[in-house]
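**Q** After the structure tokens below, expect a handful of questions from me.
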Amino acid sequence: MRTYFLLCLLCLSFSSYTQKQDYIWHLGLDQSPQPDVQAMQIDFNQGSFHIDTLDFLVGFFSYNQAICDYDGNLDFYTNGCAIINREHEVMQAGELINDSSFREITGWDDCKFGYPGHQNVLIIDDPAINGNYYIIHKTFIEHPLITGFPPELRMSYINMSLNNGLGAVVYHDSILVDQPPLSAYLNAIKHENKTDWWILQPAYDSEKIMTFHLDKNGIHRIEDQNAKQYFDRWYSSASGTARFSPDGTQYAYFNRWANLHLYDYDRSTGQLSNHQKIQIFDTPADTFDHQFASVEWSPNSRFAYVTNRDSLHQIDTWEEDIQTDGIRLIDIYNGTLDPFPTNFFVMALAPDCKIYMCSTNGSGSYHVINQPNELGAACNFIQNGIKLPVHAGSGDLPLHPRWRVDEEEKCDPTITSIFGGGLLS
């Protein structure tokens, strides 16, 4: 009896410890002519990986972020053209986000399809007022050469105490900087004090990473950092991702053109150091052959996984000589059509300790790395391992900030992976 009690106590302590701000994901780009928007919701609070199909006001393309409270209860979400409250209604003033002529000119004003651009939005909590949030987001604007390019980095603010707890947008689209950032690569990580935030964003046509400090007095831009890597507007913008490791000690930037760049990260100062370039691919002979790519970390912060349209590599950052001994090819794209090529694109580490991967095309299935903490083939990568109930948009996996950076466990392996009545392989 005593053993049983201790076991139950251990399970309870494990299940109750975790911050669950990223426990609800939204996916899906509805292709149906029906008025309701059929999209998908994954709620990791249920204790298993299960995808529900719901009627939404909006669909989700690549611009995709949701936020829950500490206990995993949904507060609101956005697809870039509106902010939606937990009752799936447009939040007060939520339709004003990303206000620009770009939406009207290009047709992206239709919330059924969402706003374009992966890793262009973050939702982080306000260190000054518990339960309120900042949204850091990029807004595409008119350009004399190319419509919608370059983006602006903006911020909006949500007060969740208004409208009986449903929240309201207090201000929207405040411009953080007049220097255009790259599309994608927007990141945030908690300060070492566990309250403030650091926000990092590469600036195009430079070697600079714009760095911001969010504290109780608001967002402050500090001195830009030299990344020792040139961020070209044509080859780098939107072509990859950047991710902090789950333990907050490393930062990775990757695209096919630039290859993988690793840095140590100091959460007390917000500074990058010890830059390493890991050459995985030769520079493309055709520099206009844009191959969308991404990087994601294993829960134990040892392995960086990189995708490049038709290949998945695992990079062992614990190797003394990463370039010589740390690069392993895990798999190549098998050619599956569902209904379009299900090649490799955005990866996201989920609360269940698995890494999910979508394609550059809309698809009816996702790929999954089942044991990302394991070396080589033991990571158990399964192509098309998850059949989706409705069509997903391209690159529509949410890329959340690292919410459990200061907790011993970065994810919850007790969340089972049951879908469609069967166990995922």
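**Q** Return the whole-Å distance between the Cα centroid of region 347-395 and the Cα centroid of region 195-217.
**A** Rounded to whole Å, the Cα centres lie 29 Å apart.
**Q** Mind ordering 299-307, 404-412 by average Cβ neighbours within 10 Å, highest first?
**A** Values: 299-307: 23.9, 404-412: 17.4.
Per-residue Cβ counts within 10 Å, averaged per peptide and sorted highest first, yield 299-307, 404-412.
**Q** Now, a different point. Quick query: amide H of residue 48 versus all other amide H atoms, modeled in the peptide plane; which residues come in under 5 Å with a sequence gap of 5 or more or a different chain?
**A** Residues meeting the criterion, in which the H sits 1.01 Å from N, are 416.
**Q** Rounded to the nearest 20 debye, what is the charge dipole size of region 214-262 about its Cα centre when +1 sits on each Lys and Arg Cβ and -1 on each Asp and Glu Cβ?
**A** 140
**Q** Send over a whole-number figure in Å² for the accessible area per residue of the chain, probe 1.4 Å. Show your work: numbers first, answer last.
**A** Details: 16660 Å² over 425 residues.
Here the residues of the chain average 39 Å² of exposed surface.
**Q** Follow-up. Going by accessible area, probe 1.4 Å, with all protein chains left in place, what is the ranking of 138, 277, largest first?
**A** 277, 138
**Q** Roughly speaking, what is the stretch gain from residue 310 to residue 50, that is 0.36 nm per residue apart minus the C-alpha to C-alpha distance, in nm to one decimal?
**A** Values: separation 260, 0.36 × 260 = 93.60 nm, distance 2.72 nm.
Between residue 310 and residue 50, full extension yields an extra 90.9 nm.
**Q** Could you list the square roots of 5 times each eigenvalue of the Cα gyration tensor of region 149-191, that is, the equivalent ellipsoid semi-axes, sorted largest first and rounded to whole Å? Mind dumping the intermediate values first?
**A** On the way: eigenvalues 137, 38, 14 Å².
They are 26, 14, 8 Å, listed largest first.
**Q** How big is the C-alpha Rg of the chain next to the rule-of-thumb value 2.2 N^0.38 Å, as a ratio?
**A** On the way: Rg = 20.4 Å, N = 425, 2.2 N^0.38 = 21.9 Å.
Normalised by 2.2 N^0.38 Å, the Cα Rg of the chain equals 0.93.
**Q** If you don't mind, there's one more thing I want to ask. Over region 190-237, consider all pairs of different Cα atoms and compute the Kirkwood hydrodynamic radius from their mean reciprocal separation; express it in Å, one decimal.
**A** Working: mean 1/r = 0.0858 Å⁻¹.
Evaluated over region 190-237, this radius sits at 11.7 Å.
**Q** Report, please, the projected area of region 229-359 averaged over directions, based on the convex hull of its C-alpha atoms, in nm².
**A** Working: hull surface 35.7 nm².
Convex hull of Cα atoms, orientation-averaged projection: 8.9 nm².
**Q** Now for a different question. Report, in deg cm²/dmol and to the nearest 500, the calculated mean residue ellipticity at 222 nm for the chain, where each DSSP H run with n ≥ 4 adds -39500 (n - 2.57) and the sum is divided by the residue count.
**A** Values: 3 runs with 25 residues, N = 425.
Calculated at 222 nm, the ellipticity per residue is -1500 deg cm²/dmol.
**Q** Same structure again: Could you order the peptides 335-343, 220-228 from most to least packed, using the average number of other C-beta atoms within 10 Å per residue? Don't skip to the answer; put the middle values down first.
**A** Numbers: 335-343: 15.6, 220-228: 13.9.
My ranking of the peptides, most packed first, is 335-343, 220-228.
**Q** What's the whole-number percent of alpha carbon pairs in region 311-425 lying beyond 16 angstrom?
**A** Here the tail beyond 16 Å accounts for 64 percent of pairs.
**Q** Please compute the contact order of region 319-413 in relative form: average sequence separation of alpha-carbon pairs under 8 Å and at least six residues apart, divided by the residue count, as a percent. All intermediate terms of the calculation are to be shown ahead of the outcome.
**A** Details: 170 pairs, mean separation 23.1, N = 95.
The value is 24 percent.
**Q** OK, next. Once you compute Rg and the Kirkwood Rh from C-alpha atoms, what is the Rg to Rh ratio for region 369-414? Mind dumping the intermediate values first?
**A** Details: Rg = 14.0 Å, Rh = 13.6 Å.
Radius of gyration relative to Kirkwood radius: 1.03.
**Q** Using a 1.4 angstrom probe and counting only protein chains, how large is the accessible area of residue 91 in Å², to 10?
**A** Residue 91 has an accessible surface of roughly 0 Å² with all protein chains in place.
**Q** Grab the beta carbon distance between residue 281 and residue 321, set R0 = 25 Å, and tell me the FRET efficiency rounded to 0.05.
**A** E(calc), rounded to 0.05, equals 0.85.
**Q** Can I ask one more? Pick out which of 129, 84, 369 has the largest mean-square fluctuation in a Gaussian network model of the chain, springs linking Cα atoms closer than 10 Å.
**A** Looking only at 129, 84, 369, the biggest GNM fluctuation is shown by 129.
**Q** With just the Cα atoms of region 86-244, tell me how far they stretch along each of the three principal axes, in Å, largest first.
**A** Principal axes ranked by extent give 47, 42, 23 Å for the Cα atoms.
**Q** If I compute solvent accessible area with a 1.4 Å probe over the protein chains, what percent of it on region 245-344 is carbon and sulfur? Walk me through the intermediate numbers first.
**A** Values: 2020 of 4160 Å².
Within region 245-344, the accessible surface is 49 percent carbon and sulfur.
The values are calculated or read from the model by the stated rules, or taken from the named source; none is laboratory data. Remember, it's a predicted structure, so these values are computed and weren't measured experimentally. Using ideal geometry, Cβ is built from the backbone for each residue, glycine included, and neighbour counts are taken over all protein chains shown. Accessible surface is based on the protein model in full, side chains and every heavy atom, while ligands, DNA and RNA are left aside. Shrake-Rupley method; radii C 1.70, N 1.55, O 1.52, S 1.80 Å.
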